[in-house]
Amino acid sequence: MTLRFASRLDNVETSAIRELFKLLGKPGIISFAGGFPDAAMFDVDGVQQAANAALKEEPGAALQYGATEGYQPFREQIASFMAGKGVQNLAPEQLITTTGSQQALDLLGKTMISPGDKVIVEGPTFLATIQCFRLYGAEVISAPIDEHGVITEELERLIAQHKPKLVYLVPTFGNPSGALLSLERRKQVLEMAVRHQTLVVEDDPYGDLYFDAPPPPSMLALSHSVPGSREYLAHCGSMSKVLSPGLRLGWLIAPAELLAKCVMCKQFSDAHTSTFAQATAAQYLKAGRMPATLARVRTTYAARSKAMGDALRSHLGDAVRFVQPQGGMFIWVQLTGANGQEKDGNALAKRAIEQGVAFVPGTPFFAQNPDPSTLRLSFATADIPKIEEGMARLAKAF
Ligand SMILES: Cc1ncc(COP(=O)(O)O)c(C=O)c1O
């Protein structure tokens, strides 16, 4: 029997990253390939206490079906978490809980994109977003970035040319670029959203993972200073990188009409996000444990990021160019090809596996015009000795 799959699948392929991950089972491999947070950072005691409190104080609700919009105490906690990050006047009703921020992206795709519509993303950007938007039939257009994030003149030119349904940005410590969109550019993007009446999606799972200094406020926090911009802004948040991805908790803040349509689509998808996970996270936030957890994660990742940057410089020298990240989980590396050294990330990835070290080559992260001389290294999960050993192995792969 031949199954006749939906034509929307013609538009997407299995991710190249998944194929690469199959090779990572090899014993002894040091992997910088994943996008996982470090499991050793999980506040297991805190989550356990929060889960116990949820079961003790609200067992009926925590284990029952819940509202599609989300569990109210969780929405309240998220509203105050966001207020702590400069988002003014956010009522719990203006956000919905999603099953990871990935679901928020999916709901935005479902509600906004018809086959043939254009969307603009950064080149490079989060691979699953490219795939998700393509699944809904989008033509995904890539806007170039530099170390300060998306280049706004180019973005505006592309918006004017393509009249996209939406623009998707990861402005703070982007995946994979690590780039940080400057304050000035954030305001420019908001002004552009109003000028061109185009929805901008701010995906912000990494904003809390800053090292020395907090990043500029999110575009959501800045939107009050750009009249009209809130009507064209959707913001996705996530517990994954700060507390636990296994809880599958994200949230979406969007204009009321769009949010209502997302709720409708979510109803048909998973009915609601786990009430138990939401009740647990609500208790966790209420107990006030988040600041200490964030502080621990920031310190650890900052030290690893620095160690990786130092080791890259000392082991690989002029073979690579990169900007030392100010937060997040990734270093985005450009192979320079200096002195005839390897310049192709895909070729290097294969030889690196033979040397016992893994990373993701950069090409899958581009919706258009892939730059084969790029690669992504995650510094989140390996400790410093492993990072140093990994970089020494990587040098042997050249
Ligand atoms: C930029 C970006 N957005 C969204 C996600 C999805 O995260 P989650 O669904 O776990 O919240 C990730 C995960 O790696 C990501 O890097």
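Laboratory data are not the source of any read-out in this text; all were calculated from the coordinates shown. Quick caveat: nothing in here was measured; it's all calculated off a predicted structure. FYI the Cβ positions are ideal-geometry reconstructions off the backbone, even for glycines, and counts take in every protein chain you see.
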Problem set entry | Under 11 Å, Cβ to Cβ, from Thr99 - net charge with Lys/Arg +1 and Asp/Glu -1 | 0
Exercise. If you place +1 on the Cβ of every Lys and Arg, -1 on the Cβ of every Asp and Glu, and leave all else neutral, what size is the dipole of the range 44-286 about its Cα centre, to the nearest 20 Debye?
Worked result: 380
Exercise. In Å, the Kirkwood hydrodynamic radius of the chain over pairs of distinct alpha carbons?
Worked result: 21.7
Seminar exercise, completed: Total charge of the residues flanking Asp208 in space, meaning their Cβ is under 10 Å from its Cβ, with Lys and Arg +1 and Asp and Glu -1, is +2
Seminar exercise, completed: Taking R0 as 35 Å and r as the Cβ-Cβ distance between Gln49 and Glu184, the FRET efficiency 1/(1 + (r/R0)^6), rounded to the nearest 0.05, comes to 0.25
For this session: Place a +1 charge on the Cβ of each Lys and Arg in the range 263-321 and a -1 charge on the Cβ of each Asp and Glu, then give the dipole magnitude about the Cα centre in debye, rounded to the nearest 20.
Result: 220
For this session: Can you find, among Ile151, Leu312, His235, the residue farthest towards the positive end of the dipole of the chain? Put +1 on the C-beta of Lys and Arg, -1 on that of Asp and Glu.
Result: Leu312
Seminar exercise, completed: Here the relative contact order (percent) of the range 44-286, from C-alpha pairs under 8 Å and at least 6 apart, is 30
For this session: Determine, from the Cβ-Cβ distance of Ala40 and Arg321 and an R0 of 35 Å, the FRET efficiency 1/(1 + (r/R0)^6), rounded to the nearest 0.05.
Result: 0.70
Seminar exercise, completed: Result row for the chain, helices from DSSP H with C-alpha axial extent 24 Å or more and mean Kyte hydropathy at least -1.0, is 290-316
Seminar exercise, completed: In nm, the gap between the two label points placed 7 Å beyond Cα toward Cβ at Leu9 and Ala287 is 4.3
Problem set entry | For the chain, share of DSSP beta bridges that run antiparallel, in % to the nearest 5 | 55
Exercise. How far is the Cα center of the range 344-391 from the Cα center of the range 137-205, in Å?
Worked result: 25
Exercise. For a label point 7 angstrom out from the Cα of Glu153 toward its Cβ, which stretches of the range 184-205 have the backbone nitrogen within less than 15 Å?
Worked result: 185
Seminar exercise, completed: Computed for the range 126-260: size of charge dipole around the Cα centre, +1 on C-beta of each Lys and Arg, -1 on C-beta of each Asp and Glu, debye to nearest 20, value 340
Problem set entry | Helix-only CD estimate at 222 nm, as mean residue ellipticity for the chain, using -39500 (n - 2.57) per DSSP H run (n ≥ 4) | -13000 deg cm²/dmol
Exercise. Can you give the Rg and Dmax of the range 205-318 based on its C-alpha atoms, in angstrom?
Worked result: 18.3, 53
Exercise. What number comes out for the charge environment of Ala83, summing +1 per Lys or Arg and -1 per Asp or Glu over other residues with Cβ under 13 Å away?
Worked result: +1
For this session: Obtain the nm distance between the two label points defined at Asp212 and Lys163 by a simple spin-label model: each point lies 7 Å from its Cα along the Cα-to-C-beta direction.
Result: 4.6
